[in-house]
Amino acid sequence: MRPPEITHSTREERYQYIAETFRCRHNCELCGICQVYGGKEPLIVYEDYIEGKEDFYEISRRYR
């Protein structure tokens, strides 16, 4: 599923996308989401996307 575009989505839709896509799986050894984002919570990493200030892919590129 692609992230909702800022111009065609609400804050709640973007929040829900991040919360569901990057939810904690309680298995750090197999998951690795926290490691990708330097130990930061994805909801914090993507805060500007959720608020409609920055594109999802721009933020993702910083962590690749």
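These residues, 53, 40, go from largest to smallest accessible area, 1.4 Å probe, as 53, 40. Helix 11-21 and the longest principal axis of the Cα set of the chain meet at an angle near 20°.
Using every Cα-Cα pair within the chain, state what percent have a distance larger than 14 Å.
On the way: 1097 of 2016 pairs.
Value for the chain: 54 percent of Cα pairs lie more than 14 Å apart.
The values are calculated or read from the model by the stated rules, or taken from the named source; none is laboratory data. Not measured: the values here are computed from a predicted model. Remember, those area values only see protein heavy atoms, side chains included, never the ligands or the DNA or RNA. Shrake-Rupley method; radii C 1.70, N 1.55, O 1.52, S 1.80 Å.
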